[in-house]
Amino acid sequence: MEQKSLFEDETNQPLASRLRPKNLDEFVGQQHLIGEGKVLRKLIESDKISSIIFWGNPGIGKTTLAQIIANKTNSEFINFSAVTSGIKEIKAVMAQAENNRKLGQKTIVFVDEIHRFNKAQQDAFLPYVEKGSIILIGATTENPSFEINSALLSRCKVFVFKPLETDDLVTLLKRAITDKRGFGNEKINMEDDFIRIIAEFANGDARTALSTLEMVILNGDVDDNGEITITKETLEQCISKKSLLYDKNGEEHYNIISALHKSMRNSDPDAAVYWLARMLEAGEDPLYVARRVTRFAAEDIGLADPHALQIAVAAYQACHFIGMPECTVHLTEAVIYMSMAPKSNAMDVAYMLARRDAKEHIAEPVPLQIRNAPTKLMKELNYGKGYKFAHDYEEKMTSMQCLPDSLIGREYYKPTEQGMETKYKTKLEQIKEWKRTH
């Protein structure tokens with residue numbers, strides 16, 4: 001159990017610790033969980049909290065909210081680390097909690113990184129959770145479905161924490177500058193744009209945002225009056241990335257993703273990797289980049305190289321599994337592959353042509369022969385009449401009409417002669433010639 005020393009000086013604590021919210025009103029983010037009228041907030045305010053699991057990235061408020069719950073529900077709060085504790089420590093804490101229960105006091109046991117416990121350690125909590133000796137709040141960055149025993153998980157409600165929005169972090173950073181627990185007693189001269197840059201750099205992590213702000217302010221220029229001025233150079237040095245002066249929601253964001261896309265389209269792997277690095281080193285979400293590369297694989301390559309889409313999806317999955325900075329190499333592989341692959345925009349052209357007809361001929365009925373006929377009435381109305389099952393024919397295709405009458409003869413897919421699409425072009429010509437002669 002964490003206890004404060006009488007001689008502990010809070011001013012020597014990191015900014016993130018000094019500024020830790022004490023109640024729900026100070027808590028920033030996770031409004032889908034603790035906003036007015038939300039389930040978790042109602043449970044906290046009515047003191048009806050049961051054992052729960054908080055699942056989400058580091059630095060987004062899991063520990064803080066657990067402590068707020070303990071204060072709000074007047075419970076003893078025991079902070080328990082899955083990294084440094086074993087079954088012996090669990091049993092000691094459970095004995096303490098059982099004594100508290102007999103005295104009428106609730107005990108909240110907060111287990112950080114609960115996924116690090118093995119099955120036996122997790123099972124040690126079960127009897128105490130079942131009989132109400134403790135309210136277990138587990139925090140994990142891993143999917144509880146895979147990392148927490150089903151017996152324990154079935155007795156806990158899972159709440160998913162989201163990465164903090166940039167605006168949430170901006171609010172938190174501004175509070176740190178004005179709050180006396182932070183730098184409220186100091187004279188800070190810092191541009192709002194710099195605050196947003198730090199928020200962008202933190203990428204949803206409040207702890208990172210506050211630690212970065214603290215470093216920036218402690219390295220600021222101090223004048224004779226004690227006023228601290230933060231310069232662009234100081235900010236760049238503290239975050240070690242000049243390219244971080246980049247707004248993920250602003251014009252430069254769209255300029256750089258456009259540069260990446262067009263460099264790949266122009267088969268320029270060097271330029272493509274440069275723009276990729278500009279985005280990632282500026283704190284861009286790698287999953288966003290991976291989604292754009294996946295789009296590119298179909299929009300600009302398509303069947304000219306069907307493996308491109310597989311590479312793009314694999315890169316997305318790798319980014320999801322391991323995150324930054326390790327996933328940079330997977331995105332580099334994907335971006336270089338896209339740059340070097342043969343290009344075809346036939347997929348995009350095909351859809352746009354079909355989309356135009358779909359909008360202009362919105363009421364076109366489905367031909368009777370390719371309608372499904374699950375009921376007697378539908379069969380009586382000739383649904384499915386004349387349908388030809390392609391597998392029953394030697395050529396595995398028929399001359400059956402599949403487009404509406406007004407669109408007969410329309411051609412949407414027009415393969416190029418790039419890469420593998422040459423093969424598909426020849427095949428399509430053979431199919432169309434066969435249908436013309438039959």
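Annotations for the structure displayed:
- Candidate aspartates and glutamates for bridging to Lys425, where Cα separation is under 14 Å - those fewer than 8 sequence places away on the same chain excluded: Asp305, Glu411, Glu417, Glu433
- Antiparallel %, DSSP beta bridges [both residues in the chain], to 5: 10
- Computed over Cα pairs, the Kirkwood radius of the range 283-436 leads via Stokes-Einstein (1.002 mPa s, 20 °C) to a diffusion coefficient of 115 µm² per second.
- Listed values (i) 56; (ii) 53; (iii) 26 include one computed from this model; for percent of Cα pairs over 35 Å apart that value carries the label (ii).
- Net charge contributed by nearby residues that have their C-beta within less than 13 Å of Ile49 (K/R +1, D/E -1): +4
- For the chain, cysteines whose Cβ has no other cysteine Cβ within reach (under 4.7 Å): Cys156, Cys238, Cys402
- A 1.4 Å probe, protein heavy atoms only, puts the accessible area of Thr437 near 90 Å².
- 3J(HN,Hα) from dihedral phi, the range 18-27, Karplus parametrisation 6.51/-1.76/1.60, rounded to Hz, x for glycine, proline: 5, 9, 4, x, 9, 8, 5, 5, 7, 5
- Averaged over its residues, the range 251-382 has an accessible area of 55 Å² per residue, based on protein heavy atoms and a 1.4 Å probe.
- Formal net charge of residues neighbouring Pro58 (Cβ-Cβ distance under 11 Å; K, R +1; D, E -1): -1
- Accessible surface of the range 36-155, 1.4 Å probe, proportion on carbon and sulfur as whole %: 48
- Positive-end residue, the chain charge dipole about Cα centroid, Cβ charges, pick of Ala272, Gln105, Cys327: Gln105
- Among 229-236, 280-287, 357-364, sorting by the average number of other beta carbon atoms lying within 10 angstrom of each residue, highest first, gives 280-287, 229-236, 357-364.
- Computed accessible area, Tyr393, all protein chains, 1.4 angstrom probe, square angstrom: 90
- Out-of-range pairs (alpha-carbon distance over 25 Å; input Lys359/Lys388; Lys106/Lys180; Lys22/Lys232; Lys22/Lys157): Lys359/Lys388; Lys106/Lys180; Lys22/Lys232
- Radius 14 Å from Cβ of Ala97, net charge of other residues (Lys, Arg +1; Asp, Glu -1): +1
- Dipole magnitude of the chain about its Cα centre (Cβ charges: Lys, Arg +1; Asp, Glu -1), debye to nearest 20: 2200
- When each of the peptides 60-68, 271-279, 420-428 is scored by how many other beta carbons lie within 10 Å of its residues on average, the order from highest to lowest is 60-68, 271-279, 420-428.
- Calculated diffusion of the range 51-198, Stokes-Einstein form, Kirkwood radius summed over Cα pairs, 37 °C and 0.692 mPa s, µm²/s: 193
- Cβ-based charge dipole, the range 250-372, positive-most Cα from Val366, Met352, His261: Val366
- Overall, the range 251-325 carries a charge dipole of about 180 debye about its Cα centre when +1 sits on the Cβ of Lys and Arg and -1 on the Cβ of Asp and Glu, all other atoms neutral.
- In this structure the amide hydrogen of Lys157, modeled in the peptide plane, comes within under 5 Å of the amide hydrogens of Ile52, Ile53, none closer than 5 places in sequence on its chain.
- C-alpha long axis of helix 346-360 to longest principal axis of the chain, angle in °: 80
- Calculated [θ] (222 nm, deg cm²/dmol) that DSSP helices of n ≥ 4 give over the chain, each run adding -39,500 (n - 2.57): -14000 deg cm²/dmol
- Percent accessible area from carbon and sulfur atoms, the range 330-438, protein chains only, probe 1.4 Å: 57
- Summed over the residues of the range 153-219 and divided among them, the accessible surface reaches 50 Å² per residue at a probe radius of 1.4 Å.
The values are calculated or read from the model by the stated rules, or taken from the named source; none is laboratory data. All of these numbers come straight from a predicted model, not from anything done at the bench. Cβ coordinates were reconstructed from backbone atoms using ideal geometry, including for glycine residues, and neighbour counts include every protein chain displayed. Side chains included, ligands, DNA and RNA excluded: accessible areas come from the protein's heavy atoms. Shrake-Rupley method; radii C 1.70, N 1.55, O 1.52, S 1.80 Å.
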